[in-house]
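Read the structure below first, then the notes.
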């Protein structure tokens, strides 16, 4: 599967499910702990079980893959060790991205926690599949370190558990700038190609994060190198945000801006020079976090059908132009 989509909203989920129903399972769904969690998240207020039930039983398609993105300690809104979340994930998702690296930056500490998380999940559900590694914004990996990670996992896990690792995160030097809705950093094809070769050496699929705001040519370059899969998330939430903005009057936009400002969800994406009085730009950064907010629902335009169609059009571009 080439693309995993972050479920930024119910409309994004509906678009993915409809597309998969019409054209086959082309896209997986990739909720983070903040989006969908065992005790609720900002996407449609779904908890993990409710999200699973909607994707599997209340929709057109019953086979769309669900992968937990960035599981582990400190990855939710409130700090925890991540195990309550993992326990629920083992019941309701197909793949878990094991990502202890936010809290364990040291290689040996991260490796130890990675092994601990994987063994916990496998012993809870022996059908569970895994993704290992992390994106550059959390911890940069060199090609040598990635090789060491897979070597050490191979040496310390049983054969059955190591075989359950399906994806490995590879890094190419890029990141995201939500304020300007663009991909940032400097793409390093040599580094990416070497990381892909490491994955292939161990019989694993390679997956890049932060695939938002790339051109189809940029995707094609990656896939031609042998990249197996890529994640896309905020871009589709921002697309939905822009559609809402184009259908809202000044008063409604001002109310949405106040909700965003108060939420402080924009703070992690901007630097100290960011102009918080720029209403539309601040909404573009964090408006999607408020889609399920009761205040937003009161001013939300009734255009869900149009939004789902626009997102499906974007999915169609990805599917048709990079096959």
**OP:** Return one number: the angle in degrees, 0 to 90 and rounded to the nearest 10, between the long axis of the Cα atoms of helix 189-201 and the longest principal axis of the Cα atoms of the chain.
**Re:** 50 degrees
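So how do 213, 97 line up by other beta-carbon neighbours within 10 Å, fewest first? All intermediate terms of the calculation are to be shown ahead of the outcome.
Details: 213 19, 97 27.
Ranked by crowding around the Cβ, least crowded first: 213, 97.
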Original post:
Between the helical axis of 48-57 and the dominant principal axis of the chain, each derived from Cα atoms, what acute angle in degrees is found, rounded to the nearest 10?
Top reply: 80 degrees
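Quickly estimate the mean residue ellipticity at 222 nm for the chain, helices only: each DSSP H run with n ≥ 4 gives -39500 (n - 2.57), and the total goes over all residues, rounded to 500. Before the final figure, lay out the partial values.
Numbers: 13 runs with 153 residues, N = 323.
Result for the chain: -14500 deg cm²/dmol, rounded to the nearest 500.
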**OP:** Count the DSSP beta bridges whose two residues both fall in the chain, then state the antiparallel fraction as a percent rounded to the nearest 5.
**Re:** 15 percent
Original post:
For segment 81-159 and segment 162-237, what is the separation of their Cα centres, given in Å?
Top reply: 18 Å
**OP:** With a cut-off of 14 Å, note down the residues of segment 241-263 whose backbone N falls inside the zone around a label point 7 Å from the Cα of residue 182 toward its beta carbon.
**Re:** none
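Which order do peptides 118-131, 272-285 fall in by mean Cβ count within 10 Å, highest first?
Details: 118-131: 17.6, 272-285: 15.0.
Final packing ranking: 118-131, 272-285.
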Subject >> Zone of residue 124's modelled label, taken as backbone nitrogen in segment 1-44 under 18 Å from a point 7 Å along Cα→Cβ >> reply: 30-41
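Rounded, prolate or oblate, given the Cα gyration tensor of segment 221-323, with a/c below 1.5 counting as rounded? Working shown, then result.
Values: a/c = 2.83, a/b = 1.54, b/c = 1.84.
Since a/c reaches 1.5 but b/c is at least a/b, the shape of segment 221-323 is classed as oblate.
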Original post:
What ranking, highest mean first, results for peptides 106-115, 153-162, 43-52 when packing means the other Cβ atoms within 10 Å averaged over each residue?
Top reply: 43-52, 106-115, 153-162
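Any chance you could tell me what percent of the C-alpha pair distances in the chain go past 28 Å? Let's see the in-between values first.
Values: 20428 of 52003 pairs.
Pairs farther apart than 28 Å: 39 percent.
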Original post:
Stretch residue 142-residue 272 to full length: gain in nm at 0.36 nm per residue minus the Cα-Cα span?
Top reply: 43.8 nm
Original post:
Sorted by packing (mean other beta-carbon atoms within 10 Å per residue), highest first, where do 222-231, 175-184 land?
Top reply: 222-231, 175-184
**OP:** Express the relative contact order of the chain as a whole percentage, based on alpha carbon pairs under 8 Å and six or more residues apart in sequence.
**Re:** 17 percent
Original post:
So what's the angle, to the nearest 10 degrees on a 0 to 90 scale, between helix 304-321 and the longest Cα principal axis of the chain?
Top reply: 40 degrees
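Throughout, read-outs are computed from the coordinates displayed, never taken from laboratory work. Just so it is clear, the model here is predicted, and its values are computed rather than measured. We place every Cβ from the backbone using ideal geometry, glycine too, and count neighbours over all the protein chains shown.
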